[in-house]
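Peer 1: Sharing a structure here in structure tokens format.
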Amino acid sequence: MQEEVIIAGFGGQGIMFMGTVLAHAAMQENKSVTFFPSYGAEMRGGTANCMIIMSDEDIGSPVVARPDGIIALNQPSADKFTRRIKEKGLLIVNSSLVTGESGRDDIKKVEVQATKIAEGLGDKRVANMVALGSYIKEVKILKLETLCKSLETLLGEKKKNLVDINIKALKDGYKL
């Protein structure tokens, strides 16, 4: 089994951190993983995306041309990547920032008010974890507990104060 996903949004939305958490969790579950980041010319506010492949077998290339899924945290990312999703693939959108139809009737679209939910938790910066929780619930490739443990490991002692809110956001996204 192999799952290919592109995560995309503005710089500053935690796109690379989402990819890192996903890749780390996949490694913890003994999957082969590739993580391929791509940054726009600007940092905060520019575009950012990453490609993650998780597989039970060896992976030939880190490049994702036709992903099984897209997580789009902003409108430009949804516009850019939606057409690339495989037939019967999955599109997770942050409906707090992405409006309109996907233009595809051959994929599953899940709208998650990630920014609104994150604001309700007290920090809109955890919208990325809300969206990631929804993605994990839909694809069922990794255990939620593994992602929570990866969050704890990756945030470490220096950012221990951010662990609880990120795990709460991840779980809230999973519940949707």
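Peer 1: Regarding LYS116, is this residue among the charged types (D, E, K, R) and in contact with a strand residue (DSSP E or B) (Cβ under 7 Å, 6 or more places away or on another chain)?
Peer 2: Working: among the charged types (D, E, K, R): yes; in contact with a strand residue (DSSP E or B) (Cβ under 7 Å, 6 or more places away or on another chain): no.
Here the answer is no, as LYS116 does not meet what is asked.
Peer 1: Which residues, counting only those in the range 45-88, are closer than 18 Å to LYS140 by Cα, under 16 Å from the mean Cα position of the chain (by Cα) and not hydrophobic (A, V, I, L, M, F, W, C)?
Peer 2: If the condition is that a residue be closer than 18 Å to LYS140 by Cα, under 16 Å from the mean Cα position of the chain (by Cα) and not hydrophobic (A, V, I, L, M, F, W, C), then PRO67, ASP68, GLY69 are the ones that fit.
Here is a yes/no grid of residues against (1) acidic (Asp, Glu); (2) under 15 Å from the mean Cα position of the chain (by Cα); (3) assigned to a strand (DSSP E or B):
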site	(1), (2), (3)
GLY100	no, no, no
ASP105	yes, no, no
GLU111	yes, yes, yes
GLY120	no, no, no
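Peer 1: When the residues of the range 82-106 are narrowed to those that are hydrophobic (A, V, I, L, M, F, W, C) and without any contact (Cβ under 8 Å) to a residue 24 or more places away in the chain, which ends up nearest to GLY173 (Cα to Cα)?
Peer 2: We begin by selecting, within the range 82-106, every residue hydrophobic (A, V, I, L, M, F, W, C); these are 85, 90-93, 97-98.
Applying the additional criterion that residues be without any contact (Cβ under 8 Å) to a residue 24 or more places away in the chain yields 85, 91, 93.
Numbers: ILE85: 22, LEU91: 15, VAL93: 12 Å.
Here the residue is VAL93.
Peer 1: Now for a separate question. Those residues that are loosely packed, with under 15 Cβ neighbours inside 10 Å, modelled with pLDDT under 95, more than 14 Å from the chain's Cα centre (by Cα) and not in a helix (DSSP H, G or I), I need them from the range 136-176; list them, please.
Peer 2: Across the range 136-176, the qualifying residues are GLY156, GLU157, LYS158, LYS159.
Peer 1: Looking at the range 56-80, which of its residues are within 17 Å of VAL112 (Cα to Cα) and touching a residue at least 24 places away in the same chain (Cβ under 8 Å)? Give the steps one after another, and end with the answer.
Peer 2: Restricting attention to the range 56-80, the residues satisfying the condition of being within 17 Å of VAL112 (Cα to Cα) are 69-79.
The answer is GLY69, ILE70, ILE71, ALA72, LEU73, ASN74, GLN75, PRO76, SER77, ALA78.
Peer 1: Could you grab me the full set of residues in the range 14-35 that are surrounded by fewer than 23 Cβ atoms within 10 Å (Cβ to Cβ) and β-branched (Val, Ile, Thr)?
Peer 2: Residues satisfying the conditions are THR20, VAL33, THR34.
The values are calculated or read from the model by the stated rules, or taken from the named source; none is laboratory data. The model shown is predicted, which means the values in this text are computed figures rather than measured ones. A quick note on method: Cβ atoms are made from the backbone with ideal geometry, for glycine too, and the neighbour counts reach across all protein chains shown.
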